[in-house]
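Colleague: Below is the structure I would like to discuss, written out as structure tokens.
The values are calculated or read from the model by the stated rules, or taken from the named source; none is laboratory data. The model shown is predicted, which means the values in this text are computed figures rather than measured ones. We place every Cβ from the backbone using ideal geometry, glycine too, and count neighbours over all the protein chains shown.
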Amino acid sequence: MVQEPRIIVEKENYTLRTWQTEDAASLTQYINNKKIWDNCRDGLHYPYAQEDAQTFLAIVQAKEGIHDFCIEVNGEAVGSIGFMPCTDVERFNAEVGYWIGEPFWNRGIVTDALKEAISYYFEHTDKVRIFALVFEHNTASMRVLEKAGFVKSGVMRKAIFKNENFIDAHYYELIK
């Protein structure tokens, strides 16, 4: 049985919605990009296969509540925004991560979608603080966060090991 996506917001240039099993092919198509992988945690596989997409979608759909959002453009899943709730003394915090397929870069979609996803997440969870770590060379992602209201609270020197190099992590936060 195909479950209809839950639409969070529909805009002129994109839709923010829940992920669906049928998104596996377009998810694989857009995320299987070394430029995207270079700015993500190593838990994201590269190359990214359809089996990886199916595993991701099964995990997302098994979660209680909505923590992961699909960015849809022209009927295709082209990006993602995900919140990773913290635990213990940090249980009112969540880390956010996001990406969008390269053909959709520099269109303002991620900034707007991030604002909408954060608004939804704050309204539907008990989280009071969201943070993000951005790799030192990813100035486009830093601009996205700043335009979405985040404040850079520090730089963690050589905190990231990616592509056989240590790089700085820029730490951003947003308080409800």
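Colleague: For region 7-40, give me each residue that is under 20 Å from PHE83 (Cα atoms), modelled with pLDDT of 95 or more, surrounded by fewer than 19 Cβ atoms within 10 Å (Cβ to Cβ) and among the aliphatic types (A, V, I, L, M).
Modeller: Hit for region 7-40 is VAL9, nothing else.
Colleague: What's the number of the condition TYR98 fails, among (1) within 18 Å of ILE8 (Cα to Cα); (2) out of contact with any strand residue (DSSP E or B) (no Cβ under 7 Å at 6 or more places or on another chain)?
Modeller: (2)
Colleague: Contact list please: Cβ distance under 6 Å, first residue in region 113-141 and within 24 Å of VAL78 (Cα to Cα) and polar (S, T, N, Q), second residue modelled with pLDDT of 95 or more and surrounded by fewer than 20 Cβ atoms within 10 Å (Cβ to Cβ), pairs at least six apart or on different chains.
Modeller: Short answer, once both residue conditions are applied: ASN138/ASN39.
Colleague: Then there's this: Among the residues of region 161-176, write down those that are surrounded by 13 or more Cβ atoms within 10 Å (Cβ to Cβ) and within 16 Å of ASN39 (Cα to Cα).
Modeller: We begin by selecting, within region 161-176, every residue surrounded by 13 or more Cβ atoms within 10 Å (Cβ to Cβ); these are 162, 167-174, 176.
The answer is LYS162, ILE167, ASP168, ALA169, HIS170, TYR171, TYR172.
Colleague: Do we find that GLU90 is under 19 Å from ALA132 (Cα atoms) and either of a type in the set (Lys, Arg) or over 12 Å from the mean Cα position of the chain (by Cα) (or both) in this structure? Talk me through it step by step, then tell me what you get.
Modeller: On the way: under 19 Å from ALA132 (Cα atoms): yes; either of a type in the set (Lys, Arg) or over 12 Å from the mean Cα position of the chain (by Cα) (or both): yes.
Taking the combined requirement at face value, the residue satisfies it.
Colleague: Suppose we keep only residues that are of a type in the set (D, E, K, R) and loosely packed, with under 13 Cβ neighbours inside 10 Å within region 42-61. Which one would you say is modelled with the lowest pLDDT?
Modeller: ASP42
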